[in-house]
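Encoded as structure tokens, the structure appears first; notes follow it.
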Amino acid sequence: MNAQNRPKLELSGISKSYARGKLSHPVLDRISLTVRAGEFVTLIGPSGSGKSTLFRLIGGVERPDEGEIRIDGELSTGRRGRISYMPQQASLFPWLSVSANISSALTTAGVPAKEAAALADRWLDRIGLGGVAKQYPHVLSGGMQQRVSFLRALLMPRGLMCLDEPFAALDALTRADMQAWLLKLWEEERRSVLFVTHSIEEALTLSDRIYVLSPAPARVLAELEIPFPRPRRTDVWTEPAFVELKRQVLELLGETGGGQGR
Ligand SMILES: Nc1ncnc2c1ncn2[C@@H]1O[C@H](COP(=O)(O)OP(=O)(O)O)[C@@H](O)[C@H]1O
Ligand SMILES: [Mg+2]
């Protein structure tokens, strides 16, 4: 296979355990998955199943005990700086303004300083945060910090974007806005995305494919193709095929009661 037809991201046989006292606590059990170029792939699984751990491995912040990570076909296990990554907890620098939090990340990634500053300010305006661009992160609500962190990941010039529950701290209306906004942007740019969410509706609305994970140690329980045509809008929720897929995911997660995994 040449580099062009290789998946953007390939995980093969990833296992990871953490020490708990004298015992070893397995978190990931031989996870294999792919994200193709331009594909939107979502991981859904119970809380504590190892999703954030998997993201740290992909980001090269930690190393797996076993298995390989390839980005654009290149062995990337334990290598940093190859993806744009939004961690589950917004990690903004408290000593930098909101705008500088974004622009400094972009300059570190190679964007010229002037362009980075202009991009940051233009996009903060576009998502309704222009008014707080010069403020420091601590004056922002959790939801606003999450949006800034999301914007920072989105603007990073990287072909693979990993978003770990990017909308979890947002109220329902803002969340719907951000979903629509991400969907529109993604449909324009077709970046490769690996996304984590607890919301089955969110997963089904945004994704091309979904991997359903078991409780820890996480295994891949199922891989589902989401067939709805693009551009996609949130009105797919009412389609019978949507309701059926939702039922399948709930069943896989062992929650036939209808609640969403936490
Ligand atoms: N650095 C760490 N040291 C020890 N245990 C950890 C560490 N990071 C995560 N864990 C454990 O690994 C499991 C999976 O955590 P996590 O990846 O955050 O799950 P998820 O994101 O799916 O909710 C949890 O039991 C958590 O306590
Ligand atoms: Mg997590």
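The values are calculated or read from the model by the stated rules, or taken from the named source; none is laboratory data. Treat the numbers as computed from the prediction; the structure is a model and nothing was measured. Don't worry about glycine lacking a Cβ; one is built from the backbone with ideal geometry, like all the others, and counts go over all protein chains shown. Quick note on the areas: whole protein, heavy atoms, side chains included, nothing else; ligands and nucleic acids left out. Shrake-Rupley method; radii C 1.70, N 1.55, O 1.52, S 1.80 Å.
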For region 84-157: accessible area per residue (Å², 1.4 Å): 47
Region 84-157: mean projected area of Cα convex hull, nm²: 4.3
Between region 194-238 and region 102-126, the Cα center-to-center distance that results, in Å: 31
Full-extension gain in nm, Leu221 to Arg30, via 0.36 nm per residue minus C-alpha separation: 67.6 nm
Relative contact order computed over the chain (Cα-Cα under 8 Å; 6+ residues apart), in percent: 24
Pairs from Lys134/Lys184; Lys8/Lys184; Lys184/Lys246; Lys8/Lys246; Lys51/Lys114 whose Cα-Cα separation, in the structure shown, is over 29 Å: Lys51/Lys114
Accessible solvent surface per residue of region 182-262, calculated while the other protein chains remain in place, 1.4 angstrom probe, Å²: 47
Share, in percent, of DSSP beta bridges within the chain that are antiparallel, nearest 5: 55
Calculated Rg and Dmax of region 76-121 using C-alpha coordinates, Å: 11.9, 34
√(5λ) per eigenvalue of the Cα gyration tensor, region 120-262, largest first, Å: 29, 17, 15
Extension reserve of the Asn5-Glu115 stretch, reckoned as 0.36 nm per residue once the Cα distance is removed: 36.4 nm
Expected 222 nm ellipticity per residue - DSSP helices of 4 or more, -39500 (n - 2.57), all of the chain, to 500: -10000 deg cm²/dmol
Cα lying deepest toward the dipole's positive end in the chain, options Trp123, Tyr211, Phe40, charges on Cβ: Trp123
Sulfur and carbon atoms: percent of accessible area, the chain [1.4 Å]: 52
Ellipsoid equivalent to region 1-108 - semi-axes via the Cα gyration tensor, in Å: 25, 22, 13
Region 84-157: relative contact order as a whole-number percent, Cα under 8 Å and 6+ apart: 48
Approximate shape of region 30-178 as ellipsoid semi-axes (Cα gyration tensor, √5λ), whole Å, largest first: 27, 19, 13
Hull shadow area, averaged, region 180-262 [alpha-carbon convex hull, nm²]: 5.7
Rg/Rg_globular for region 1-45, with Rg_globular taken as 2.2 N^0.38 Å and Rg from C-alpha atoms: 1.58
Spread of Cα-to-Cα distances over 10 Å intervals beginning at zero, given as percent, for the chain: 7, 29, 36, 23, 6, 0
Assigned charges on the beta-carbon of Lys, Arg, Asp, Glu; the chain dipole about Cα centre (debye): 680
Region 1-45-region 127-142 distance, computed between alpha-carbon centres (Å): 34
Cα-projected label distance for Trp181 with Ala37, points at 7 Å along beta-carbon direction, nm: 2.9
